[in-house]
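Here's the structure, in structure tokens; my notes come after.
The values are calculated or read from the model by the stated rules, or taken from the named source; none is laboratory data. Note that the structure is a prediction, hence the values are computed from the model and not measured. Positions of Cβ are generated from backbone atoms using ideal geometry, with glycine treated the same way; all protein chains shown enter the neighbour counts.
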Amino acid sequence: MIDLSTLVLFATACLALTMTPGPDMLLIASRSASQGRASGFATLAGIQVGTYCHAIAAAFGLSQLFLVVPLAYDVVRYAGAAYLLYLAWKTLRSSGTPFSPVTGLPRSPIVTMFRQGLLTNLLNPKMALFVLALFPQFVRPEQGSVALQIMLLATVLNLIGLVVNGIVILTASRLGRALSGWSRFKRAPQILLGTVFAGLAVRLAVDGRR
């Protein structure tokens, strides 16, 4: 199994990466501000399950498909962009305010938030390439099962992400509640979330493999 010094080095790299604001943090923060911390944690849970899925794909070499078959990469990328645009349209179109009953919300919104986080992560091929690029640097085949080592690394990444993004969720949800008390800002978190979805869609569609 992976030795302690390698795990510490990997954890340090993960902490630096996780604390750097990126698409996942922006999505989680805007979701928490618009619909509360439960939705924020549900979105984070979906993203982290997606990370495990990418780790499994990397362990079995499936992520390399994006490197050798550019069309597969582009298909997933554009599908992800289309899904994010759909979420943006649905969010901006919904009636009501973020913290009052909203017409058309599903009966199990937490499950919906989890699914959206999961699909957003799975439909981002850059996440697959990130895992494929980072994890092998810390895997030692001579120390046991490569698949188990990759899953252990994914667990370390998710635990660090839970701590860092947990702080973001709690902070953003408090800010969202504060804004909801101001009549002129009642729809502000909702508009922010829709804008974030649209921005992530554009970024995913035009950014390519850079």
Criterion: out of contact with any Leu (no Cβ under 9 Å at 6 or more places or on another chain), under 24 Å from L87 (Cα atoms) and of a type in the set (A, V, I, L, M, F, W, C) - qualifying residue of M25, M19: M25
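How many residues, within the range 53-86, are over 27 Å from G144 (Cα atoms) and of a type outside the set (K, R)? Break it down stepwise before answering.
Our first condition is that a residue be over 27 Å from G144 (Cα atoms); within the range 53-86, this holds for 68-86.
In the following step, the residues that additionally are of a type outside the set (K, R) were identified as 68-76, 78-86.
Total meeting the criteria: 18.
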Test: N158 is at pLDDT 90 or above, more than 25 Å from P70 (Cα to Cα), buried (at least 16 other Cβ atoms within 10 Å of the Cβ) and within 17 Å of the chain's Cα centre (by Cα): yes
Of residues in the range 120-147 being assigned to a helix (DSSP H, G or I) and of a type in the set (D, E, K, R), the one nearest to P70 (Cα to Cα): K126
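To keep it simple, each residue is scored yes or no on (1) exposed (fewer than 14 other Cβ atoms within 10 Å of the Cβ); (2) polar (S, T, N, Q).
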site: Q137; (1), (2): yes, yes
site: P141; (1), (2): yes, no
site: G144; (1), (2): yes, no
site: A147; (1), (2): no, no
site: L153; (1), (2): no, no
site: V164; (1), (2): no, no
site: V168; (1), (2): no, no
site: G176; (1), (2): no, no
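Can you tell me which residue among A79, A59, A16 is small (G, A, S) and surrounded by 19 or more Cβ atoms within 10 Å (Cβ to Cβ)?
One residue alone meets the criteria, A59.
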Helices (runs of 4 or more DSSP H) within the range 28-109 that include 3 or more residues at pLDDT below 85: 65-68, 70-93
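Any residue in the range 166-184 that is under 20 Å from G61 (Cβ atoms) and either assigned to a loop (DSSP other than H, G, I, E, B) or at pLDDT 90 or above (or both)?
First, the residues of the range 166-184 that are under 20 Å from G61 (Cβ atoms): none.
Scanning the range 166-184, I find no residue that is under 20 Å from G61 (Cβ atoms) and either assigned to a loop (DSSP other than H, G, I, E, B) or at pLDDT 90 or above (or both), so the answer is no.
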